[in-house]
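Visitor: Please read through the structure below; I'll follow up with questions.
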Amino acid sequence: MKNMRTVLIMLVIGLFLTTTLTAQITGRQVMEQVYSRDSGNNMSANLSMTITNARGSTRERSIVQFRQDDGTVENKIMFFTAPADVRNTSFLSYSYADGRKDDQWIYLPALSRVKRIASDKTKDSFMGSDFTYDDMGVRHPSADTHTLLREEVIDGWNCYVVESVPVDSSSDFAKTISWIIKDEWIGLKKEFYSAKGNVARRLVINESARFDDIWVITNMTMSNLEKNTSTRITMDNVSFNNNLSANFFTERQMKIGPRI
Amino acid sequence: MQKRTKFKILIIAMILLTVTGLSAKDVDLRGMVRSYTGFRFSEQDIAVNEQTIDLTLEGWGDMTRLVINPYAYVGTSSEPELGIREAYVDIFFDNADLRVGKQAIIWGQAEGAFITDIVSPRDMRSFILADFREIRKGVPAVKADYYAGSYTFEGIWIPRFVPTSMPGKDSMWMQDMDLKPGVTITPQPVDQPAFDLKNSEIFGKMQYFGPRISWEVMGGYAWTDTPYISSLTPTGPSTVDANQAYGRYKVVGGSLSTAIGPVVLRSEAAVYLDKPFSVITLGSPPSIDVENHHQVQALAGLDWGLWGIEMSAQYIFSYIHDFKDGVIEQGKKLTEFDHTFTFRMADTFLDDRLTAKVFVYFEADPLNALIRPSLTWSIEDGVLIEGGVELFVGSEGTFGSYKDNSLAFVALRWYF
């Protein structure tokens with residue numbers, strides 16, 4: 001009888017251990033961790049964009065960006081500082097955690113006017129680069145159905161590999177596969193697949209750094225494998241928790257420019 | 001070089017030196033150089049050849065900004081022109097801004113139409129073909145904005161009247177007052193309202209800037225920026241002089257913009273109260289009465305994208321209350337109802353280096369239009385070459401009456 005009890009206890013413990021070991025994190029949970037990763041109350045940074053076309057010639061774009069997230073709305077304002085013909089153009093967006101479509105405005109100095117723009121520009125190229133407006137924002141996890149494919153080690157980092165299929169069937173890509181560093185919840189690589197099943201674009205994170213204990217991607221390259229073009233974005237002058245006024249993410253600031 | 005031109009150069013040079021001397025790290029100089037050439041189809045000639053330099057100097061203090069926007073212009077047949085489009089100082093407070101000086105003020109949601117956007121007069125010397133920003137003239141003004149959350153309250157005081165600039169007598173854009181066949185009507189110089197406190201213009205606006213909808217309501221007590229004919233003086237059997245004047249009127253209006261799915265809806269409307277109009281009686285000789293009428297202008301517009309192409313359509317409506325035949329404006333007969341449509345389409349190609357766009361103004365009665373297709377090629381960052389056509393279609397109406405001015409143009413712009 002005593003032996004029987006020991007066997008039963010061993011079975012229960014064994015079953016418990018087995019259940020615990022197999023209760024892996026889901027793809028959705030990974031992407032929610034990425035989405036809710038600490039990114040500070042607000043952030044500002046200078047972005048430099050180098051766009052390389054199929055012939056290898058390059059063009060430069062410079063942006064000063066401010067972002068603020070209160071958990072329900074992410075406000076972002078971008079001031080284009082170069083080249084000269086787009087200088088002082090600014091772009092304001094409100095992105096909602098509940099998955100609502102973004103609200104977006106653009107200030108065109110040539111018109112001296114702030115214009116509301118339709119939020120379906122998300123698929124369009126951002127300033128002629130290989131990034132889309134959607135890539136420049138934070139994609140809400142509810143926009144895709146996520147599946148954890150496997151785990152991989154890349155450059156010494158243990159990564160989750162997650163496949164994400166857009167809920168919206170009109171999306172410009174069929175699926176993405178993301179490599180997310182375990183426990184840091186920051187991406188290392190992302191591939192965008194076309195409807196034909198080919199990798200159409202590939203995002204590679206070249207450098208990330210910690211500022212105020214917050215991970216920031218400081219150098220990344222998006223390659224368009226179909227067009228043989230690429231765009232590299234580098235980020236400097238990164239600062240968090242700036243003292244931004246309540247009126248910062250408004251029409252007023254769009255006209256003033258990147259002055260705090 | 002004329003004394004006046006020399007004086008202007010001296011003033012601009014002094015301003016440049018003053019601003020650049022403020023503090024190198026807080027001063028920014030940017031600008032644009034443009035060469036524009038237009039070939040007129042009807043005359044087979046180079047009708048327009050313009051060189052423009054436009055500079056903007058911006059100086060920043062801790063809570064202030066100085067902006068000076070001088071320009072130099074050399075036209076086909078006019079004297080070289082030096083001027084200052086804007087020169088103002090901003091003072092920024094936590095919840096308020098104050099702007100003092102010569103400034104161009106742009107209101108409303110309309111594209112290519114001026115409904116509530118009547119604070120700054122216009123430069124119409126090239127009809128409406130000038131770059132959008134250059135159509136607005138700066139006015140000496142004090143502008144104050146107060147911000148309360150999503151609401152902005154704006155007040156403007158313009159102490160000195162500045163009229164809209166009209167084409168010169170020799171300009172291809174000058175139109176004859178063709179009101180009665182066989183009678184030549186010659187507009188006479190018009191006196192501007194005296195620089196007096198009672199001749200000030202005032203405007204106010206309340207604005208809401210929100211995620212779902214943005215709107216504004218405005219009001220003002222203004223001058224007509226273009227003159228009306230106040231009387232006709234016969235000078236011969238078939239010639240009369242048109243005496244002109246500027247008149248007062250009040251205006252109330254508003255605008256809104258909102259996104260409905262993938263479409264942005266814009267709307268704007270204004271009522272001009274007791275606006276002075278000239279009413280001509282075609283007797284022998286013809287005579288003019290000045291009457292005050294309410295006028296309504298309204299616009300509904302949609303912006304949307306399709307396959308990456310930006311598109312915009314607008315319907316603009318005008319109505320003159322208590323209308324009678326013979327109401328004229330700028331020497332042209334008006335109708336009780338007027339309907340104008342605009343359509344804009346733009347797309348970029350080749351990594352955003354090539355931009356194709358077309359803007360169409362279209363009037364239904366009489367049928368006439370202005371069609372403006374163009375291609376812009378970015379040679380390198382900040383250097384653009386644009387080629388296009390300004391096609392006036394019809395034989396009468398706002399655009400058709402310029403049927404002989406259809407032209408092809410090429411413009412080189414260099415931004416720095």
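Visitor: Could you give me the residue pairs with C-beta distances under 7 Å whose first residue belongs to the range B:76-93 and is over 22 Å from B:T37 (Cβ atoms), whose second residue is in a loop (DSSP other than H, G, I, E, B) wherever it lies, and which are 6+ apart or on separate chains?
Guide: B:R85/B:A104; B:R85/B:G138; B:E86/B:A104; B:E86/B:G138; B:I91/B:M63; B:F92/B:M63
Visitor: Next question, about the same structure. Can you work out which of the residues in the range B:144-175 that are outside any loop (DSSP other than H, G, I, E, B) and aliphatic (A, V, I, L, M) is modelled with the lowest pLDDT? Lay out the reasoning, then the answer.
Guide: First, the residues of the range B:144-175 that are outside any loop (DSSP other than H, G, I, E, B): B:144-148, B:151-158, B:165.
Now narrow it down to the ones that are aliphatic (A, V, I, L, M): B:144, B:148, B:156, B:158.
Numbers: B:A144: 98, B:A148: 92, B:I156: 98, B:I158: 97.
Filtering first and then ranking leaves B:A148.
Visitor: Can B:P276 be described as within 30 Å of B:L302 (Cα to Cα) and of a type outside the set (D, E, K, R)? Walk me through how you get there before you give the answer.
Guide: Numbers: within 30 Å of B:L302 (Cα to Cα): no; of a type outside the set (D, E, K, R): yes.
In short, no.
Visitor: Regarding A:M235, is this residue assigned to a strand (DSSP E or B), touching a Phe, Trp or Tyr at 6+ places or on another chain (Cβ under 6 Å) and crowded, with 18+ Cβ neighbours inside 10 Å?
Guide: Criteria not met by A:M235.
Visitor: Next question, about the same structure. Starting from the range B:296-316, take each residue that is more than 9 Å from chain A (Cβ to nearest Cβ) and on the phi < 0 side of the Ramachandran plot and list its partners that are acidic (D, E) and open to solvent by 20 Å² or more (accessible area, probe 1.4 Å), counting only C-beta distances under 6 angstrom and pairs at least six apart or across chains.
Guide: B:I309/B:D347
Visitor: With open to solvent by 40 Å² or more (accessible area, probe 1.4 Å), modelled with pLDDT under 95, over 20 Å from B:V139 (Cβ atoms) and of a type in the set (A, V, I, L, M) as the only criterion, which of B:V27, B:V48, B:V74, B:V33 stands out? If you could, list the steps in order and put the result at the bottom.
Guide: On the way: B:V27 fails: open to solvent by 40 Å² or more (accessible area, probe 1.4 Å); B:V48 fails: open to solvent by 40 Å² or more (accessible area, probe 1.4 Å); B:V33 fails: modelled with pLDDT under 95.
Within the list B:V27, B:V48, B:V74, B:V33, the selection yields B:V74.
Residues are listed down the side, and each one gets a yes or a no for (1) under 19 Å from B:K333 (Cβ atoms); (2) open to solvent by 20 Å² or more (accessible area, probe 1.4 Å); (3) more than 23 Å from the chain's Cα centre (by Cα); (4) without any contact (Cβ under 8 Å) to a residue 40 or more places away in the chain:
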residue: B:M177; (1), (2), (3), (4): yes, yes, no, no
residue: B:S200; (1), (2), (3), (4): no, no, no, no
residue: B:F203; (1), (2), (3), (4): no, no, no, no
residue: B:A222; (1), (2), (3), (4): no, no, no, no
residue: B:S231; (1), (2), (3), (4): yes, yes, yes, no
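Visitor: Could you count how many residues in the range B:377-400 are within 14 Å of chain A (Cβ to nearest Cβ) and part of a strand (DSSP E or B)?
Guide: The qualifying residues number 8.
Visitor: How many of the residues making up the range A:112-159 are under 23 Å from A:N224 (Cα atoms), away from chain B (no Cβ under 14 Å) and part of a helix (DSSP H, G or I)?
Guide: Looking only at that region, the number is 3.
Visitor: Suppose we keep only residues that are out of contact with any strand residue (DSSP E or B) (no Cβ under 6 Å at 6 or more places or on another chain) and within 30 Å of B:G326 (Cα to Cα) within the range B:141-171. Which one would you say is most open to solvent (accessible area, probe 1.4 Å)?
Guide: Result: B:K169.
Visitor: Same structure, new question: Just the residues that are farther than 21 Å from B:A369 by Cα, more than 13 Å from chain A (Cβ to nearest Cβ) and among the aliphatic types (A, V, I, L, M), please, taken from the range B:118-138.
Guide: Scanning the range B:118-138 gives a single hit, B:I118.
Visitor: Another question, if that's okay. Test A:S62 against the stated conditions and say whether it is more than 12 Å from every other protein chain (Cβ to nearest Cβ), within 29 Å of A:T229 (Cα to Cα) and surrounded by fewer than 19 Cβ atoms within 10 Å (Cβ to Cβ).
Guide: Answer is no for this residue.
Visitor: Considering B:G283, B:G247, B:G253, which residue is of a type outside the set (D, E) and either farther than 29 Å from B:S165 by Cβ or touching a Cys at 6+ places or on another chain (Cβ under 8 Å) (or both)?
Guide: Every option except B:G283 fails the conditions.
Visitor: Hey, can you tell me all the residues within the range A:66-111 that are over 25 Å from B:W107 (Cα atoms), facing chain B (nearest Cβ under 8 Å) and open to solvent by 50 Å² or more (accessible area, probe 1.4 Å)?
Guide: Once the filter is applied, which keeps residues that are over 25 Å from B:W107 (Cα atoms), facing chain B (nearest Cβ under 8 Å) and open to solvent by 50 Å² or more (accessible area, probe 1.4 Å), the range A:66-111 yields only A:K101.
The values are calculated or read from the model by the stated rules, or taken from the named source; none is laboratory data. Computed from a prediction, not measured in an experiment: that's the story for all the values here. Virtual Cβ from ideal backbone geometry, glycine too; neighbours counted across all protein chains shown. For accessibility, only protein heavy atoms count, side chains too; no ligands or nucleic acids. Shrake-Rupley method; radii C 1.70, N 1.55, O 1.52, S 1.80 Å.
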